[in-house]
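Right, one structure below, let's go through it.
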Amino acid sequence: MRKAIVITPMVSLLIILISCNIEFTGEVYIQDLIDVASNPNEVLYTIAKFAFESPGSDNQQQLIDFMKTNFREAKNFHTESKGMNTFIVSDIKVPLLSLAQISKLKGDDLLAIVVSPEKESILQFGLYMDNQKFTKIQDYVKEEYWQTLSVSDFSISLRINNDIRTNAKLVLANVYADQKPILFTQDFMLSRRDTITIRFSDVLRDYIHENGYALFGEILL
């Protein structure tokens, strides 16, 4: 996050707002998805990393305090350099719950993993985004740092871990799977203890922002 550029002509003051980047990387375990699908009233929590572009060394503690207040169990804060930018990175907890139980979140979380059983042997999963929470973060960035934050500045990834005792068949669409772009549905077979990293496409991320959630994957059991 770079500081705003201020230009002061003779007559007026022009402030050019610079954008701020944020990144989310969540860990998803297939057994957790199965457990929630089997017990739809259960809410589990998984680990994720949230990265917030730094506003500068003078304001890092203020940003850390904001993250502690607005992200569940935020801890293990540290800085990471990515290209020309520096990020404040934190471990957080993220809800994993049935799509039918979204009302239980009560505005406490920006994102949540959602599960929706389709058939006895198929479960769908996806992501929920609380737009009021996102607006709160946008307002904070603008008011405190004179920066802009839009959904296009938000990078979202999930790492799917096969922690069950058998192979797991995944069906994915409209994502990047291990950096490979997937437009239409495509099958992936995960061996035991294997992983696959999903990065959201711009279209999928924007759809979730506008509609609250999207289901983009299936697990065939």
Task: Single match in 77, 87 (criterion: in contact with a helix residue (DSSP H, G or I) (Cβ under 6 Å, 6 or more places away or on another chain) and modelled with pLDDT of 95 or more) - done: 77
Task: Matching residues, region 35-51, being part of a helix (DSSP H, G or I) and surrounded by 14 or more Cβ atoms within 10 Å (Cβ to Cβ) - done: 35, 36, 37
Open item on the list: So residue 210 ticks every box in (1) over 14 Å from the mean Cα position of the chain (by Cα); (2) on the phi > 0 side of the Ramachandran plot but one. Which box is left unticked?
Closed with: (2)
- [ ] May I ask you to say which residue of 79, 69 is surrounded by fewer than 16 Cβ atoms within 10 Å (Cβ to Cβ) and in contact with a Ser or Thr (Cβ under 6 Å, 6 or more places away or on another chain)?
- [x] 79
Task: Pairs with Cβ under 8 Å, 6+ apart, first in region 158-173 and aliphatic (A, V, I, L, M) and surrounded by fewer than 19 Cβ atoms within 10 Å (Cβ to Cβ), second at pLDDT below 95 and assigned to a strand (DSSP E or B) - done: 171/220
- [ ] Could you check region 52-147 for strands (runs of 3 or more DSSP E) lying wholly inside it with 1 or more residues that are touching a Lys or Arg at 6+ places or on another chain (Cβ under 7 Å), under 28 Å from residue 33 (Cβ atoms) and of a type outside the set (Phe, Trp, Tyr)?
- [x] 85-98
Open item on the list: Every residue in region 177-192 that is more than 23 Å from residue 34 (Cα to Cα) and surrounded by 16 or more Cβ atoms within 10 Å (Cβ to Cβ), please.
Closed with: 182
Task: Residue within region 176-183 that is under 20 Å from residue 203 (Cβ atoms), out of contact with any His (no Cβ under 6 Å at 6 or more places or on another chain) and at pLDDT below 95 present - done: yes
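The values are calculated or read from the model by the stated rules, or taken from the named source; none is laboratory data. All of these numbers come straight from a predicted model, not from anything done at the bench. Note that we place each Cβ from the backbone using ideal geometry, even for glycine, and neighbour counts take in every protein chain shown.
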